[in-house]
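J.: This is the structure, below, for whatever I ask next.
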Amino acid sequence: MFIRQLSYLVALSQAQHFRRAAALCNVSQPTLSGAIRSIEEEFGLPIVRRGRRFEGFTPEGERVLAWARQVLADCEGLRQEASASRREVTGCLRIGAIPTALPLVPLLTDACLREYPGMRHEVYTLSATQALRQLSELDLDVGLSYLDDPRLREFETVPLFRERYVLIARDESALAGRASLSWHEAAKLPLCLLTGNMQCRQGIDAALARAGTSASPRVETDSLMALYAHVRCASLFSIVPHSVLCLAEMRDELHAVPLQPALHREIGLILRERQPRPPLLEAAIAAFRSVNLQARVDALLPA
């Protein structure tokens, strides 16, 4: 019963609303509220700030919430360990990927699905900041993002591949048969780029600055599919990591040339430092490492 009460507490932190949290837990709102009051009585601490509605957690409640997340994660790890001892790997792996890395996720999950039929996946598109926060709060098992982020000192990382940036266009003739373009030349084209808050765009802006230029995009978007649509339908150009070309539509309908000097950035897994690792996570990491992502994405570059 106490474990269930802790799960109600974590659900409330996710939903930020008593009724929605109760729905997440498939219980009535009075049941959830009563369980949380029982925790407060057990510890002799106010955990939740209440007014006419949920107003957040008290400082004491935030500390209890952190322990609740850890206890629930340990219980899930124990369940997985018992499953693994029967030579089964079961459970749900929660993956958070930055938008430009999202096209690669099926290559990773496919390796798990073939090796471990009992494993399920939940895949979320998240900014690097959101992924790090959810990893810290144990709401996410693994992130997929850039590894040059200084905030990663508090996390474990597993390098997977190095991306390279290319210019993409709808018509090959627009590239005039060029085998590569300079960043300065690319900046002069009518561009559709990802928005400035995204790490991919920040890397592009830094590369342009090193080339002594900057971009004034005609369109900016935080959606990879919207970016693709503008290049495909509005005759704009874009600058993207070459791994994005694994999207079949982009590979078949757009043309790409590498940018010089080459900009390489490392992409990999981000994990919360935790020992022992849950068997589900350990198995997934082994499966992910078995995929030669570098060879797969490099094969997408023009010969």
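The values are calculated or read from the model by the stated rules, or taken from the named source; none is laboratory data. All values reported here derive from a predicted model rather than from experimental measurement. Cβ: placed from backbone, ideal geometry, glycine included. Neighbour counts: every protein chain shown. Keep in mind that these areas ignore ligands, DNA and RNA; they rest on the heavy atoms of the full protein, side chains included. Shrake-Rupley method; radii C 1.70, N 1.55, O 1.52, S 1.80 Å.
J.: Can we say Phe155 is buried (at least 16 other Cβ atoms within 10 Å of the Cβ), touching a strand residue (DSSP E or B) at 6+ places or on another chain (Cβ under 7 Å) and either assigned by the TED database to the domain that holds Ala101 or among the basic types (Lys, Arg) (or both)?
T.: Yes, satisfied.
J.: Just to confirm my filter: which helices (runs of 4 or more DSSP H) fall fully inside the range 200-303 and include at least 3 residues that are among the aliphatic types (A, V, I, L, M)?
T.: Passing ranges, in order: 224-233, 279-289, 293-298.
J.: Next question. Pick from Arg170, Arg94, Arg178: which is under 24 Å from Ser238 (Cα atoms), touching a residue at least 40 places away in the same chain (Cβ under 8 Å) and touching an Asp or Glu at 6+ places or on another chain (Cβ under 8 Å)?
T.: Arg170
J.: Same structure, new question: If Leu280 passes every condition in (1) within 18 Å of Gly96 (Cα to Cα); (2) buried (at least 21 other Cβ atoms within 10 Å of the Cβ); (3) touching a Pro at 6+ places or on another chain (Cβ under 8 Å) but one, which one does it miss?
T.: Going through the list (1) within 18 Å of Gly96 (Cα to Cα); (2) buried (at least 21 other Cβ atoms within 10 Å of the Cβ); (3) touching a Pro at 6+ places or on another chain (Cβ under 8 Å), Leu280 breaks only (3).
J.: Among what's in the range 23-57 and is in contact with a helix residue (DSSP H, G or I) (Cβ under 9 Å, 6 or more places away or on another chain) and assigned to a loop (DSSP other than H, G, I, E, B), pick the residue that is nearest to Ser7 (Cα to Cα).
T.: So the residue we want is Val27.
J.: Would you confirm whether any residue within the range 108-119 is surrounded by 16 or more Cβ atoms within 10 Å (Cβ to Cβ), at pLDDT 85 or above, touching a Lys or Arg at 6+ places or on another chain (Cβ under 8 Å) and assigned by the TED database to the domain that holds Gly143?
T.: For the range 108-119, residues surrounded by 16 or more Cβ atoms within 10 Å (Cβ to Cβ), at pLDDT 85 or above, touching a Lys or Arg at 6+ places or on another chain (Cβ under 8 Å) and assigned by the TED database to the domain that holds Gly143: absent.
J.: With the structure loaded, tell me whether Ser180 is surrounded by 13 or more Cβ atoms within 10 Å (Cβ to Cβ) and more than 30 Å from the chain's Cα centre (by Cα) or whether it fails that test.
T.: So Ser180 fits the description; yes.
J.: Restricting the first residue to the range 275-303 and requiring it to be of a type outside the set (A, V, I, L, M), which pairs with a second residue that is open to solvent by less than 40 Å² (accessible area, probe 1.4 Å) meet a Cβ separation below 6 Å and a spacing of at least six or different chains?
T.: Partner pairs satisfying both residue conditions: Pro278/Gly77; Pro278/Gln80; Pro279/Gln80; Pro279/Ala84; Phe288/Leu108; Ser290/Ala111; Gln294/Phe161.
J.: Give me the pairs: first residue in the range 220-234 and touching a residue at least 12 places away in the same chain (Cβ under 8 Å) and not assigned by the TED database to the domain that holds Leu126, second residue part of a loop (DSSP other than H, G, I, E, B) and polar (S, T, N, Q), beta-carbon distance under 8 Å, and six or more apart or on different chains, which are they?
T.: Once the first residue is touching a residue at least 12 places away in the same chain (Cβ under 8 Å) and not assigned by the TED database to the domain that holds Leu126 and sits in the range 220-234, its partners that are part of a loop (DSSP other than H, G, I, E, B) and polar (S, T, N, Q) give Glu220/Thr195; Thr221/Thr195; Asp222/Thr195; Asp222/Asn197.
J.: Which pairs do you get when a residue that is assigned by the TED database to the domain that holds Ala68, found in the range 23-46, comes within reach of a residue that is open to solvent by less than 70 Å² (accessible area, probe 1.4 Å) and among the charged types (D, E, K, R), reach meaning Cβ atoms under 6 angstrom, with the pair 6+ apart or on two chains?
T.: As it stands, the answer is Leu45/Glu60, since those pairs meet every condition given.
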